[in-house]
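Written out below as structure tokens is the structure these notes cover.
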Amino acid sequence: MGREVLNFNVDWLYIPENLNDAYKFDFDESNFEVVSLPHANKTFPHHYFKEEDYRFVSWYRKHFKVDERYKGKKVYIYFEGVMTVAKVYVNGEFVGEHKGGYTPFEFDITEYVKYGDFENLIAVQVDSREHKDIPPEGYLVDYMLFGGIYRNVWLKILNDTHIKDVYFVVDKLQDSVAEISITTTIEGKEVRNAKILTEVINKEGVVCSSVITDIKEMQKEIVQQIKMENPLTWHPDHPYLYNVSVKLIAESEILDNYTFRTGIRTVHFGDDGKFYINGEPLKLRGLNRHQTFPYVGGAMPDRVQRKDADILKYELGLNYVRTSHYSQAVSFLDRCDEIGLLVFEEIPGWQHIGDENWKNIAKENLREMILRDRNHPCIFMWGVRINESLDEHDFYKEMNEIAHKLDRSRPTGGVRYLRDSEKLEDVFTYNDFIYNLEGKIQLPNHKKYMVTEYMGHMYPTKSYDNLNRLITHARLHALIQDKQYGIPNMAGASGWCAFDYNTTSAFGSGDNICYHGVCDIFRLPKFAAHFYRSQADPHLYGPYVFIASYLIPSFEEENGDKLLVFSNCEEVELYLNDKLVARQMPNRIDFPSLPYPPFEFSLKECRIDYIEVRVNNASITAIGLIDGKEAARHTLRPYGKPHKLILSPDDNELIADGADCTRVVISVVDENGSILPYANIPVSFEIEGEGQLIGENPLVLEAGRGAVYVKSTRKPGEIILKARSHYVEGEAMANVNTKKIDFPYV
Ligand code: GAL
């Protein structure tokens, strides 16, 4: 019945060499290594390596059987993403090629496979060298591409006649009625007496709306309309998702059942310059995200992709992310749908536009992105322009047309850094860096306008930089967000960027990192991250208070007399030990427009002297009040000695598929449990059981913290990670269990 989609990630063979004839059926595989996908063609330390190190050709092979019962069906192999050029062979025959590492592709391999006990072979040549003919390459790029089959692969079994695609769009949402059109594209042979049954199903499994339509002869595209009364809508603050099931039925047999999740919502940019969701204005407050991680580049499994969305939403308090500068993992977008994080998704590219062939690939990338993602409620705009490129009228006119043709429900944007560049898109999306160091951005010069980047290279800040820099970095982010909140006709702004990222030799700090994040490369917060977190509504996302200080006396630091506290509470009380020294309202003078302006205390006025605090081992506590009651607190104490290491895994259970993994954060704390911000100490690891360590060993902590990843093997069991450092006594331990694969796979 219907379709079957089988996970195709496990038991691959890999060799980091370009061997002649490695596509052939009989080929000596003794030097190949067994791997699971997602897979990086090479792993690295978290900095100080070069792009040349991953720029090579490698081969992946996998033996697989296709069940006898699939005979007569269609067999497709679907790749979510291979960096950068993939050539696919089945049983020694060339099947197809795909150029570009950020979009999916599939091949019909029905005629190449054999059924039953026959061991089929798929071989993929992965060319991860620099490709000046494929976006984003051609000139310099300020991020690393990495290499390998770095996303999931699926085997899809379909009936001869099946559903190729479904496009779900809410045309109107008014007076609690949603008018929805669903366009289903059918592929395959003509079938008689066929129908399309579409059902919208709520979380309880109840069909809330359904429509059935007869398919006329030769009809390939069926458009259905439904009206839903009182639907539960999708919004960042209440992201309700429905399941949609589209069945292709012929002579009462179900030929296909195409299911997906989506949300009911509308988005638009008004003539007043505001962004609207479901007819209500919403200021977009976001950051840019690169998809790369330490050690493995883009090759992180779904669990870790999803975690990033959680960090952006819950640890950084954002309502929006820009997927700079390409389409990112589907699992990331799925999680954005689930938790209500809006996404501005764009095509691969960075400043450079190539020749006609290059542009054709960019157009193809745009089509692939929109066709893959247009049912995601989280996406509110398509980026159709090469990030920060110069004008090219004909090219960009066509790009806009492609986007509008494939999706009538979302506006286009095109990110630029030239104020007077030609606006062919619906929204003028501008990277505004010039006045950032004064805490400023410019006023909109177009009706529908948003700022897509600020800060970044203007003020790179390392997690272990001096206190002053961390505070100034956070303050500038706060001032710029304050400015955008104060400009009613600016739809929103996203800073550069969420996480520090690996970059090519031309950029960054010379160690192949751009320290532009409000979090470090391990996703651990710098002070600026706490500013963003403090902008989320306390009633929905929890009250928050954070003191941005290390208790360094004022004669050593410019920001010395001021104590900056980020909080979404109404008032903040400051205590010296148990003594209340001040109770204050947010600083609405310097930050008149932010939803939750920071609080600033003068230490002199509070009679707090850090020298005395330190000599007397006193504490400073900020208590955030809502309705006059304590809602959140943060205490700082003078730092002691490195006392112990703490290992905090993000997950305690993984799937034993050989690729699933979780981040384990390491911190060094003193007797009070405070992380020591200048303890850049080496930590060594031992791993026992059914796990593999991804990361440096030893790892030198930065700002008292760092992270490695623990990856499953193919055998379920327990993983024990142990960490030690010469500077602390004892050993820290983390346990992670792995369980059997519980999904269909080949
Ligand atoms: C922008 C660019 C980003 C990044 C950033 C650094 O110009 O769009 O990709 O390079 O600068 O601040």
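The values are calculated or read from the model by the stated rules, or taken from the named source; none is laboratory data. Everything numeric in this text was worked out from a predicted model, so none of it was measured. Quick reminder, even Gly has a Cβ in these numbers, built from the backbone with ideal geometry, and neighbours come from all protein chains shown.
For region 110-128, name all the residues that are of a type in the set (A, V, I, L, M, F, W, C) and either in a strand (DSSP E or B) or over 18 Å from F25 (Cβ atoms) (or both).
Scanning region 110-128 gives L121, I122, A123, V124, V126.
For region 340-367, give me the residue count where each residue is under 26 Å from A309 (Cα atoms) and among the acidic types (D, E).
2
Of everything in region 309-330, what is away from the ligand (no atom under 16 Å from the Cβ) and either surrounded by fewer than 24 Cβ atoms within 10 Å (Cβ to Cβ) or more than 10 Å from the chain's Cα centre (by Cα) (or both)? Give them in sequence order.
D310, I311, K313, Y314, E315, L316, G317, L318, N319, Y320, V330
If a residue must be farther than 14 Å from V296 by Cβ and part of a loop (DSSP other than H, G, I, E, B), how many such residues does region 17-46 contain?
16
Within the group V206, V126, which residue is among the β-branched types (V, I, T), modelled with pLDDT of 95 or more and within 29 Å of the chain's Cα centre (by Cα)?
Result of the check over V206, V126: V126.
Residue under question is L443, and the condition is that it be under 30 Å from E702 (Cβ atoms), more than 12 Å from the ligand (Cβ to nearest atom), more than 27 Å from the chain's Cα centre (by Cα) and surrounded by fewer than 23 Cβ atoms within 10 Å (Cβ to Cβ); does it hold?
Here the answer is no, as L443 does not meet what is asked.
Count, please, the residues in region 65-109 that happen to be closer than 20 Å to L366 by Cα and part of a loop (DSSP other than H, G, I, E, B).
The total comes to 9.
Could you tell me whether any residue of region 353-369 is of a type outside the set (F, W, Y), within 16 Å of the ligand (Cβ to nearest atom) and either closer than 24 Å to Y541 by Cβ or surrounded by 24 or more Cβ atoms within 10 Å (Cβ to Cβ) (or both)?
Looking for residues that are of a type outside the set (F, W, Y), within 16 Å of the ligand (Cβ to nearest atom) and either closer than 24 Å to Y541 by Cβ or surrounded by 24 or more Cβ atoms within 10 Å (Cβ to Cβ) (or both), one finds none in region 353-369, hence no.
Can you tell me which residue among D482, D520, D561, D500 is more than 22 Å from E453 (Cα to Cα) and of a type in the set (D, E, K, R)?
D561
In region 409-423, is there at least one residue being surrounded by fewer than 23 Cβ atoms within 10 Å (Cβ to Cβ), within 30 Å of S554 (Cβ to Cβ), within 12 Å of the ligand (Cβ to nearest atom) and of a type outside the set (A, V, I, L, M)?
No, that holds for no residue.
Test of understanding: among G673, G624, G640, which residue is at pLDDT 95 or above and farther than 30 Å from Y541 by Cβ?
Every option except G640 fails the conditions.
Of all strands (runs of 3 or more DSSP E) completely enclosed by region 480-576, which ones contain at least 2 residues that are within 16 Å of the ligand (Cβ to nearest atom)? Spell out the reasoning first.
Working: elements: 492-495, 545-548, 562-567, 571-576.
So the answer is 492-495.
Which of the residues spanning region 196-236 are more than 24 Å from E253 (Cβ to Cβ) and surrounded by fewer than 13 Cβ atoms within 10 Å (Cβ to Cβ)?
K203, E204, V206, Q225, K227, E229, N230
Tally up the residues in region 446-475 that are assigned to a loop (DSSP other than H, G, I, E, B), under 17 Å from G517 (Cα atoms) and over 27 Å from the mean Cα position of the chain (by Cα), please.
Residues meeting the conditions: 1.
Given the criterion under 16 Å from I379 (Cβ atoms) and either surrounded by 23 or more Cβ atoms within 10 Å (Cβ to Cβ) or among the charged types (D, E, K, R) (or both), identify the matching residue among R335, R306.
Values: R306 fails: under 16 Å from I379 (Cβ atoms).
Answer to the selection: R335.
Among the numbered conditions (1) touching a residue at least 40 places away in the same chain (Cβ under 8 Å); (2) exposed (fewer than 15 other Cβ atoms within 10 Å of the Cβ), tell me where N672 comes up short.
Exception for N672: condition (1).
For residues that are of a type in the set (F, W, Y) and either within 16 Å of the ligand (Cβ to nearest atom) or not in a loop (DSSP other than H, G, I, E, B) (or both), scanning just region 267-303, find the one that is surrounded by the fewest Cβ atoms within 10 Å (Cβ to Cβ).
Y276
Can you report the number of residues in region 446-472 which are within 14 Å of the ligand (Cβ to nearest atom), surrounded by 22 or more Cβ atoms within 10 Å (Cβ to Cβ) and among the aliphatic types (A, V, I, L, M)?
Of all residues in region 446-472, those within 14 Å of the ligand (Cβ to nearest atom) come to 451-461.
Then keep just the ones that are surrounded by 22 or more Cβ atoms within 10 Å (Cβ to Cβ); that gives 451-455, 461.
Cutting the leftovers down to among the aliphatic types (A, V, I, L, M) gives us 451, 455.
Residues that pass the stated criteria total 2.
Is it the case that Y54 is assigned by TED's automatic domain parsing to the domain that holds F25, closer than 22 Å to E17 by Cβ and touching a Ser or Thr at 6+ places or on another chain (Cβ under 9 Å)?
So Y54 passes the test.
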